[in-house]
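Take a look at the structure set out below.
The values are calculated or read from the model by the stated rules, or taken from the named source; none is laboratory data. Treat the numbers as computed from the prediction; the structure is a model and nothing was measured. FYI the Cβ positions are ideal-geometry reconstructions off the backbone, even for glycines, and counts take in every protein chain you see. Quick note on the areas: whole protein, heavy atoms, side chains included, nothing else; ligands and nucleic acids left out. Shrake-Rupley method; radii C 1.70, N 1.55, O 1.52, S 1.80 Å.
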Amino acid sequence: MPTPLTTKVPATATTPPTATTAPGDDTAPTGTTRWAGTKQFMQIREGWISGGRTYLSVRTARKVAVTDPHEAWLIIPGEGPYTTVLMATEARVLLSVPLGDNSHPYPYSQTELVNRLMAEPSSSRSGLGYDLSFDGKGQVTRLQSLYTS
């Protein structure tokens with residue numbers, strides 16, 4: 001029986017990226033982002049846990065519905081710098097294939113999100129997309145991955 005992904009924690013999953021953070025990375029002031037109080041469709045380049053809190057490096061992207069041969073989403077990568085955002089401690093995480101195990105969204109922990117995300121090759125992450133909801137402080141309160149074929 002294969003070992004669950006949740007036990008495989010890459011070093012980058014628990015430490016903030018430093019050498020891998022691109023110049024021009026747009027890190028928002030603590031507790032605020034330009035997306036405060038909104039819902040955005042985004043790409044996630046990296047995720048990590050530091051001091052018991054989950055951080056994501058995100059940028060906006062676009063999605064297009066695909067119905068042939070079945071319903072799924074085509075992710076159109078965004079351009080420009082990534083921004084570091086903080087997930088609220090009680091944020092809900094819903095993942096579907098390919099990051100999750102099901103074609104329908106299913107709940108996962110923030111730790112499982114980071115582990116699964118960072119287990120994906122960086123070249124594959126640009127093809128993944130997420131609906132993120134932000135509270136008034138700019139923290140992610142809900143993250144849902146989109147089903148891609």
Looking at the stretch 54-68 only, could you name the residues that are more than 14 Å from the chain's Cα centre (by Cα) and without any contact (Cβ under 8 Å) to a residue 60 or more places away in the chain? R62, V64, A65, T67, D68
So A65 clears everything in (1) at pLDDT 90 or above; (2) in contact with an Asp or Glu (Cβ under 8 Å, 6 or more places away or on another chain) except one condition, right? Which one? (1)
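Kindly indicate the residue of the stretch 30-60 that is part of a loop (DSSP other than H, G, I, E, B) and hydrophobic (A, V, I, L, M, F, W, C) and also surrounded by the most Cβ atoms within 10 Å (Cβ to Cβ) among those meeting that condition.
Restricting attention to the stretch 30-60, the residues satisfying the condition of being part of a loop (DSSP other than H, G, I, E, B) are 30-38, 51-52.
Among the residues that remain, those that are also hydrophobic (A, V, I, L, M, F, W, C) are: 35-36.
Values: W35: 19, A36: 14.
Here the answer is W35.
Scan the stretch 83-107 for residues that are in a loop (DSSP other than H, G, I, E, B) and either of a type outside the set (V, I, T) or at pLDDT 95 or above (or both) and jot them down. Write out each step before concluding.
Start the filter on the stretch 83-107 by keeping residues that are in a loop (DSSP other than H, G, I, E, B), which leaves 96-105.
Correct list: S96, P98, L99, G100, D101, N102, S103, H104, P105.
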Residue, surrounded by the most Cβ atoms within 10 Å (Cβ to Cβ), within the stretch 66-92, restricted to residues that are of a type in the set (D, E, K, R) and closer than 27 Å to T54 by Cβ: R92
Note on the stretch 128-143: residues buried (at least 16 other Cβ atoms within 10 Å of the Cβ), among the small types (G, A, S) and in a loop (DSSP other than H, G, I, E, B) are G129, G138
Do any residues in the stretch 120-149 that are over 17 Å from P98 (Cα atoms) have Cβ atoms under 6 Å from those of residues that are charged (D, E, K, R), where the two are at least six apart or on different chains, and which pairs are they? S133/K39; S133/R142; T141/D135; R142/R92
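Can you spot a residue in the stretch 108-116 that is in a loop (DSSP other than H, G, I, E, B) and either open to solvent by 20 Å² or more (accessible area, probe 1.4 Å) or in contact with a strand residue (DSSP E or B) (Cβ under 6 Å, 6 or more places away or on another chain) (or both)? Walk me through it before giving the result.
Residues of the stretch 108-116 in a loop (DSSP other than H, G, I, E, B): 109.
Next, only the ones that are either open to solvent by 20 Å² or more (accessible area, probe 1.4 Å) or in contact with a strand residue (DSSP E or B) (Cβ under 6 Å, 6 or more places away or on another chain) (or both) stay: 109.
The answer is yes; a qualifying residue exists.
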